[in-house]
Each structure stands twice: as structure tokens, then as C-alpha cells.
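A short worksheet on the structure shown next.
The values are calculated or read from the model by the stated rules, or taken from the named source; none is laboratory data. What you are looking at is a predicted structure, and each value in this text was computed from that prediction instead of being measured. Here the Cβ is made from the backbone with ideal geometry for all residues, glycine too, and neighbour counts use every protein chain on show. The area values use the complete protein model at the heavy-atom level, side chains included, leaving out ligands, DNA and RNA. Shrake-Rupley method; radii C 1.70, N 1.55, O 1.52, S 1.80 Å.
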Amino acid sequence: MVAVSAIGGLSVVLAVGLAALGVLDRLNALAGGLVSRGGREGFPKQLPEWSLWLVTMALAFGLAFAILSTPGLWRRVVLWVSSLVLVAAWAPVLSLAAHVPAVGGPWVATLWSGVCAIIYASRHHMACDPEEVAR
């Protein structure tokens, strides 16, 4: 549980830091440009900031917990890549609802949380991993 808290917390801190530097605005503008011709001006609505950060925290902590609770490297990687694809697929859905596709923060937190959790799980014996038979 400590590893999940550390990985999730640092992933959220990374996303907050990138937001403070303006990097997430560029990622959101890129996502808006990919799903619409009008760019950011083509979306009259915007999600509340608190809901974006709530989703970011849920994804960061939830993915870290899921990866550290899943046995096998291949399954962990599939879980991580699937999460990244689902977060990226959120952009067209938001644009269809006329909302700015602000997926930069959740995507960065999901990316970093998955990388850290996979590295942590590969370097430590997890309770969900099968025991190796001594020969």
C-alpha cells in the first residue's frame, strides 16, 4: 500500500507540476486540434478543474494499485497500455459533448503511474506473483 501511495502521489505531483509550467495546456491544445478543426475555440464548454484533478488522482492511484495487484509482466503492460488508450479515447468523447478535451493531466499521470508501477513490480517480489520453485 505504501508503494501505491508513493507512485500515485508522485504521478499526481508530476501532472500538477506540468500544469504549472503550461505543458498540459499544450497537450490539451494538441488533443483539441486532433479531434476538431476549430481547435480550442471550437469547444464552448469546459469541465470543472476539480473534476479533472479528481479523475487524475483516481487514475494514478487506481492504475498503480491494479498493476501491483496483477501477476506477470505481460498482463501489467497490457493493463497499462489499455489504460492509456482509454484515457486518450476520452478526448473525442469530450469533443462530441462540446467540452474542451482536457486529457493532458490524466494521460500524463496514467503514463507515469504505469511506468513506475511496472518498474517497481519488476524489481520486487509481489504477493500476487507465483512462487518460484527452487531446483
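Structure summary
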| item | result |
| --- | --- |
| Enumeration of residues in region 88-106 that are more than 18 Å from residue 18 (Cα to Cα) and either open to solvent by 60 Å² or more (accessible area, probe 1.4 Å) or in a helix (DSSP H, G or I) (or both) | 90, 91, 92, 93, 94, 95, 96 |
| Qualifying residue in region 50-65 (condition: modelled with pLDDT under 85, closer than 30 Å to residue 6 by Cβ and among the aliphatic types (A, V, I, L, M)) | no |
| Matching option when the condition is surrounded by 13 or more Cβ atoms within 10 Å (Cβ to Cβ) and not basic (Lys, Arg), among 85, 78, 55 | 55 |
| Count - residues of region 4-16 that are more than 15 Å from residue 107 (Cβ to Cβ) and open to solvent by 30 Å² or more (accessible area, probe 1.4 Å) | 4 |
| Restricting region 107-126 to residues that are aliphatic (A, V, I, L, M) and either assigned to a helix (DSSP H, G or I) or touching a strand residue (DSSP E or B) at 6+ places or on another chain (Cβ under 6 Å) (or both), the residue that is nearest to residue 56 (Cα to Cα) | 109 |
| Residue within region 35-53 that is touching a residue at least 60 places away in the same chain (Cβ under 8 Å) and assigned to a helix (DSSP H, G or I) present | yes |
| Out of 11, 51, sole residue that is in contact with a Phe, Trp or Tyr (Cβ under 7 Å, 6 or more places away or on another chain) and either closer than 30 Å to residue 125 by Cβ or hydroxyl-bearing (Ser, Thr, Tyr) (or both) | 11 |
| Residues of region 58-75 satisfying the condition of being over 12 Å from the mean Cα position of the chain (by Cα) and crowded, with 17+ Cβ neighbours inside 10 Å | 65, 66, 67, 68, 70 |
| Matching residues in region 92-120 - criterion: being modelled with pLDDT under 90 and aliphatic (A, V, I, L, M) | 93, 94, 96, 97, 98, 100, 102, 103 |
